[in-house]
Amino acid sequence: MTMFSRPTASVLSAGIVCASAGTAFAGVGQPSPWQLGLQDAATPVMVDIAWFHNFLLWIITGIALFVLVLLAIVVLRFNARSNPTPSRTTHNSLLEVAWTMVPVIILVAIAVPSFRLLFVELDVPKPDLTVKATGKQWYWSYSYPDNGDFEFDSLLVADKDLKPGQPRLLTVDNDMVVPVNKVVHVLVTGADVIHSFAVPSFGIKIDAVPGRLNDTWFKATSEGVFHGQCSELCGKDHAFMPITVRVVNDAEFAAWVAAEKKNAGLLDAPSTAQAATGTRAQ
């Protein structure tokens, strides 16, 4: 015995989803419980993507409602009881021109902002920083060729090691760190199989293909921690190779770079020749 009929249960389920989604629209850098729609934008490109998504949503909704109205008219006015003698009309020039031209106009209206968005995504501005991201089974490695070419691995943090506020399956031990309001050029490749580098709040997603160097870019306009994931099925631990990008101010970024270079043994030190010269001078 069920408590509700199917229509009643459907209405209740829809109500619960709508009620629960009240706080789900604001998600920056990571998904929110019961989230509807896209994560909030953290880059200009993602702002354009969100606008284009909403623009298409209005067009799709309008077309769907228009078709629904047409179907209702057909069902109500042209059924056998309401219209026992069907019309034998076979041609209407105005109608045929309309149903040809209206879709063309709609497609042009979609194409113009679509091409503009594609151009913005693919045309990389002059970068302030270059980071190389290499997908591996199953973690990411990052190198900074503009800052001494140091490299480090970024692995998932186990559930038992998570700190309060750190999201499960999205937190890593070593974040990719970049400065705020700077153009970051990301070079992406794979070391073994095809992976995909994706950060939703930045509006970037590009395949990491072994033997090939793809690239994308972003310019984060606010500081914070932004999460992504590998978005290409790459093996048994595909779900466990997240991406975490920490956006900081210039001073914090310079301090972080200095610390990483020290850890990698890349800080400037006297050369062997300089050391020998100093010894002779003494």
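The values are calculated or read from the model by the stated rules, or taken from the named source; none is laboratory data. For clarity, every value in this text was computed on a predicted model and none was experimentally measured. Cβ placement follows ideal geometry from the backbone for every residue including glycine, while neighbour counts extend to all protein chains displayed. Side chains included, ligands, DNA and RNA excluded: accessible areas come from the protein's heavy atoms. Shrake-Rupley method; radii C 1.70, N 1.55, O 1.52, S 1.80 Å.
So here's what we get for this one:
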{"read-out": "Filter pass, Lys132 being part of a loop (DSSP other than H, G, I, E, B) and touching a residue at least 24 places away in the same chain (Cβ under 8 Å)", "value": "no"}
{"read-out": "Selection count where residues are open to solvent by 20 Å² or more (accessible area, probe 1.4 Å) and either of a type in the set (S, T, N, Q) or not in a loop (DSSP other than H, G, I, E, B) (or both), scope the range 141-151", "value": "4"}
{"read-out": "Those residues of the range 105-129 which are open to solvent by 70 Å² or more (accessible area, probe 1.4 Å), farther than 16 Å from Val188 by Cβ and part of a helix (DSSP H, G or I), in sequence order", "value": "Ile105, Leu107, Val108, Val112, Phe115, Arg116, Leu118, Phe119"}
{"read-out": "Count of residues meeting criterion [open to solvent by 50 Å² or more (accessible area, probe 1.4 Å) and modelled with pLDDT of 95 or more] in the range 24-53", "value": "4"}
{"read-out": "Selection from the range 128-159 of residues that are under 20 Å from the mean Cα position of the chain (by Cα) and of a type in the set (Ser, Thr, Tyr)", "value": "Thr130, Thr134, Tyr139, Ser141, Tyr142, Ser154"}
{"read-out": "Entirely in the range 169-270, the strands (runs of 3 or more DSSP E) that have 1 or more residues that are aliphatic (A, V, I, L, M) and over 18 Å from the mean Cα position of the chain (by Cα)", "value": "242-248"}
{"read-out": "Inter-residue pairs, beta-carbon under 7 Å, first of a type outside the set (Ser, Thr, Tyr) and in the range 63-88, second exposed (fewer than 10 other Cβ atoms within 10 Å of the Cβ), 6+ apart", "value": "Leu76/Ser82; Asn83/Arg77"}
{"read-out": "Residue list for the range 179-226, restricted to those being without any contact (Cβ under 8 Å) to a residue 24 or more places away in the chain and under 24 Å from Pro31 (Cα atoms)", "value": "Ile206"}
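Residue by residue, here is whether (1) more than 20 Å from Pro145 (Cβ to Cβ); (2) open to solvent by 10 Å² or more (accessible area, probe 1.4 Å); (3) touching a strand residue (DSSP E or B) at 6+ places or on another chain (Cβ under 7 Å) holds:
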position: Lys163; (1), (2), (3): yes, yes, no
position: Asn181; (1), (2), (3): yes, yes, no
position: His185; (1), (2), (3): no, yes, yes
position: Ser201; (1), (2), (3): yes, no, yes
position: Val209; (1), (2), (3): no, yes, yes
position: Arg212; (1), (2), (3): no, yes, yes
position: His227; (1), (2), (3): yes, yes, yes
position: Glu232; (1), (2), (3): yes, yes, yes
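Quick grid of which residues meet (1) modelled with pLDDT of 95 or more; (2) within 16 Å of Ser154 (Cα to Cα); (3) surrounded by 18 or more Cβ atoms within 10 Å (Cβ to Cβ):
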residue	(1), (2), (3)
Met176	yes, yes, yes
Lys219	yes, no, yes
Ala251	yes, no, no
Leu267	no, no, no
Ala273	no, no, no
